[in-house]
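Remarks on the structure that follows.
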Amino acid sequence: VQPLRIALAQVAPRLGDLESNLARHHELLGQARDGGAGLVVFPELGLTGYQLQDLAAEVAMRLDDPRLSRLASATTGLSAVVSFVEESGDHRLFIAAALLEDGEVRHVHRKLYLPTYGLFDERRFFSPGDVLRAVPSRLGVGVGLGICEDFWHVSTPQILALDGAQVLVNVSSSPGRDLAMSSEVGLGTASSWRTLMRTYAQLTTSFVVFCNRVGVDESISFWGGSEVIGPGGGSVFSAPMFDEGLFLVDVDLADVRRERIALPLLRDERPELVSREWRRLIAERAGLAPDSTAEEGAEDGLDVAAGAAPGRPIGFRGAGGGSSAPAGPAGPPERAAPAKARPKAGAA
Amino acid sequence: VTRATPAIPVGADGTPLFELPAELAIDTDVARRVIGGFVRGQLRQAGWERAVVGLSGGIDSALVAYLVAEAIGPERLRCVLMPYSSSSPASRADAETVVADLGCASEVVEISPMVDGFFGTGEVAGAAGPEGLAASPLRRGNFAARMRMAVLYDRSVTWGGLVVGTGNKTESLIGYTTLFGDSACAFNPIGDLYKSQVRQVAAAIGVPEQVIRKAPSADLWPGQTDEAEAGFSYPELDRLLFWRIDKRRSVEEVVALGFDAALVERVDRMVATSEFKRQVPPIAKLGPRTAGVDYLYPRRRPGSARG
């Protein structure tokens, strides 16, 4: 039995108010410690609030910021995941989550996928991270960190699990939306997240710790509903939606071993196969190799062949092999013959 | 897991209070929860504790009053009734019923002198000059809406409360609002709810039955109703907007769903021509940082709260 008490800090950060959020983190770390927690998880941008826009640069911290060091020093005998705006030495801004352990910054994860669609505008203000690593932890198992949208890309939890994580931690600021009676819990966003977290836990045979904030930034209400999912895909604990609180959850990390012995999915993963096929896809999408699913006659890198559309699309060569014969405004469009041979990029 | 659509609420006589298209059904508990947190968050972040709501006697403003009272307590809410001389007495009675039920502060401000002072009355010209005597109902309606806005923003100061918006998503999308009139507010808790969804939340929170049942009206002239004026029913309009906008269905696709092609075209045009009413006016870009363009701050941030 490897018991672990996890504290989910489902907080409502104050937007742009780093000092007050830092104080709240210190306070909750103390409460979690008093409650016997071994791992304390705070939500995405719990130190700054989410809808920062141009405030992002004003609340950013470098990894050598003394405020971060002080927070780390409050983790003696504890593991904690906190999230903030990180400024790199070359002044890029990242949405970061740090694993703090025994007084140190043990690991920093920079958000990989920055949603910039719908109500999201993250790429405008932030730079995406380029590194995805699991990290050994004082808990005795590997830990993998992801931030919100990172877990809407199936490769993230898979890579973390293959890299040695047995506890996957996702910290989020998920805006509640899609109010609908047809959803499991009345909110489309919450239903989707619940489905995803259970699926990842089962497919990676790992614990999934999901910590989502509550409160309001501008128009957006964050729905909470933080969860701990066991390696069999079943919920160990679900926090209430919308309520602020520090929730303590007991798990047995030995469940991971039992699940992986019974269901050796990770053993049977084929990273070399995945890697090979991805390399092929990358080459095809870059136009460096023929694409087996493209239309016949399509240039490499383009999946649709030039048709009988009016005018000659830029970049398509005609039957004349690259001679430019612009169709005059009055002249009929010439149909480009499908190129049988696939010229390499740059060949004329 | 798909939950069964709940039965439509029924009134005292056992008949349904309203027609509810299935795709517009929402979980009213979750809606109230989100809206309550939203109202409290908006006030706290702005450094205010009280709210002002203009109460017409209709379902939208009644629902907002109930939601605000639920969120912050009726003692922090002031409802302002602002009838014009031709306003329906029934509307005022309904508004008074809401106030009595909530136990919140209220007052009546007659806007007739303000409107008549501009357009004139009988044969006596007002500030607008003789031409104003022949002003159309549209001009008068818009002017009345802006006078109500002016009253609410004055009461915002005297009561010390933020003005809470009462416009719903349906009327906003088709542009059935007066710019800087009824659409003016500090924040709006129901602006993302279609009329059919307003009705669901209203029934759940306890808005009086007669307010839920009566035909929606801008009450600009006696007997006016939204649906007669616009030529379609709210359930039909809500469904069409839901499929076109929320669910991104094309014109062809909604026609295939059974909507009349002429109606679809007409509603599309209403939505497009009212786009300006839903946005902040553009500022000519000249300097290096321009509000709303490349100067992008949250409305509420450290230091922005009053006091």
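Is there a residue being modelled with pLDDT of 95 or more, within 14 Å of chain B (Cβ to nearest Cβ) and in contact with a helix residue (DSSP H, G or I) (Cβ under 6 Å, 6 or more places away or on another chain) anywhere in region A:53-70?
So in region A:53-70, the residues modelled with pLDDT of 95 or more come out as A:53-70.
Pick out the ones that are also within 14 Å of chain B (Cβ to nearest Cβ) and you get A:53-59.
Of the ones still in play, those that are also in contact with a helix residue (DSSP H, G or I) (Cβ under 6 Å, 6 or more places away or on another chain) are A:56, A:59.
Within region A:53-70, one or more residues are modelled with pLDDT of 95 or more, within 14 Å of chain B (Cβ to nearest Cβ) and in contact with a helix residue (DSSP H, G or I) (Cβ under 6 Å, 6 or more places away or on another chain).
Every residue in region B:213-239 that is surrounded by fewer than 17 Cβ atoms within 10 Å (Cβ to Cβ), out of contact with any helix residue (DSSP H, G or I) (no Cβ under 6 Å at 6 or more places or on another chain), touching a residue at least 60 places away in the same chain (Cβ under 8 Å) and farther than 19 Å from residue B:20 by Cα, please.
B:222, the sole residue that qualifies.
One residue is enough: does region B:200-207 have a residue meeting the conditions buried (at least 20 other Cβ atoms within 10 Å of the Cβ) and closer than 24 Å to residue B:138 by Cα? So that I can check it myself, show each step before the final result.
Kept after step one, since they are buried (at least 20 other Cβ atoms within 10 Å of the Cβ), are these residues of region B:200-207: B:200-203, B:207.
From the residues that got through so far, the ones that are closer than 24 Å to residue B:138 by Cα too are none.
For region B:200-207, residues buried (at least 20 other Cβ atoms within 10 Å of the Cβ) and closer than 24 Å to residue B:138 by Cα: absent.
Are any residues in region B:53-86 under 14 Å from residue B:182 (Cβ atoms) and either modelled with pLDDT under 95 or part of a strand (DSSP E or B) (or both), and if so, which ones?
Passing the criteria: B:53, B:54, B:80.
Return the total of residues in region B:256-275 being exposed (fewer than 14 other Cβ atoms within 10 Å of the Cβ) and either touching a residue at least 60 places away in the same chain (Cβ under 8 Å) or within 14 Å of another protein chain (Cβ to nearest Cβ) (or both).
Residues in region B:256-275 being exposed (fewer than 14 other Cβ atoms within 10 Å of the Cβ) and either touching a residue at least 60 places away in the same chain (Cβ under 8 Å) or within 14 Å of another protein chain (Cβ to nearest Cβ) (or both): 1 in total.
Take residue A:134 and decide whether it is on the phi < 0 side of the Ramachandran plot, within 14 Å of chain B (Cβ to nearest Cβ) and crowded, with 18+ Cβ neighbours inside 10 Å. Steps first, answer last, please.
On the way: on the phi < 0 side of the Ramachandran plot: yes; within 14 Å of chain B (Cβ to nearest Cβ): no; crowded, with 18+ Cβ neighbours inside 10 Å: yes.
No, not satisfied.
List the helices (runs of 4 or more DSSP H) that sit entirely inside region A:177-290 and contain at least 2 residues that are away from chain B (no Cβ under 14 Å) and within 23 Å of the chain's Cα centre (by Cα).
A:188-204, A:271-285
Can you tell which of B:144, B:204, B:184 is more than 17 Å from residue B:82 (Cα to Cα) and small (Gly, Ala, Ser)?
Details: B:144 fails: more than 17 Å from residue B:82 (Cα to Cα); B:184 fails: more than 17 Å from residue B:82 (Cα to Cα).
Just one listed residue meets the conditions, B:204.
Tell me which residues, restricted to region A:20-50, are within 14 Å of chain B (Cβ to nearest Cβ), hydrophobic (A, V, I, L, M, F, W, C) and not in a loop (DSSP other than H, G, I, E, B).
First, pick out the residues of region A:20-50 that are within 14 Å of chain B (Cβ to nearest Cβ): A:20-23, A:45, A:47-50.
The next check asks that each one be hydrophobic (A, V, I, L, M, F, W, C); those that pass are A:22-23, A:45, A:47.
Of everything in region A:20-50, those that are within 14 Å of chain B (Cβ to nearest Cβ), hydrophobic (A, V, I, L, M, F, W, C) and not in a loop (DSSP other than H, G, I, E, B) turn out to be A:22, A:23.
How many residues, within region B:87-114, are of a type outside the set (Val, Ile, Thr), modelled with pLDDT of 95 or more, at negative phi and surrounded by fewer than 16 Cβ atoms within 10 Å (Cβ to Cβ)?
Counting residues in region B:87-114 that are of a type outside the set (Val, Ile, Thr), modelled with pLDDT of 95 or more, at negative phi and surrounded by fewer than 16 Cβ atoms within 10 Å (Cβ to Cβ) gives 5.
If you go through region A:7-19 one residue at a time, do you hit one that is assigned to a helix (DSSP H, G or I) and crowded, with 16+ Cβ neighbours inside 10 Å? Before the answer, list the steps.
Applying the first criterion (assigned to a helix (DSSP H, G or I)) to region A:7-19 yields A:18-19.
Now restrict to residues that are crowded, with 16+ Cβ neighbours inside 10 Å: A:18.
Checked against the condition, which is being assigned to a helix (DSSP H, G or I) and crowded, with 16+ Cβ neighbours inside 10 Å, region A:7-19 yields at least one hit.
The rows are residues; the columns are (1) within 27 Å of residue A:56 (Cα to Cα); (2) surrounded by fewer than 18 Cβ atoms within 10 Å (Cβ to Cβ).
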{"residue": "A:144", "(1), (2)": "yes, no"}
{"residue": "A:149", "(1), (2)": "yes, no"}
{"residue": "A:152", "(1), (2)": "yes, yes"}
{"residue": "A:168", "(1), (2)": "yes, no"}
{"residue": "A:180", "(1), (2)": "no, no"}
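The values are calculated or read from the model by the stated rules, or taken from the named source; none is laboratory data. Please read all numbers here as calculations on a predicted model, not as lab measurements. Counting neighbours? That spans all protein chains shown, and the Cβs are built from the backbone with ideal geometry, glycine included.
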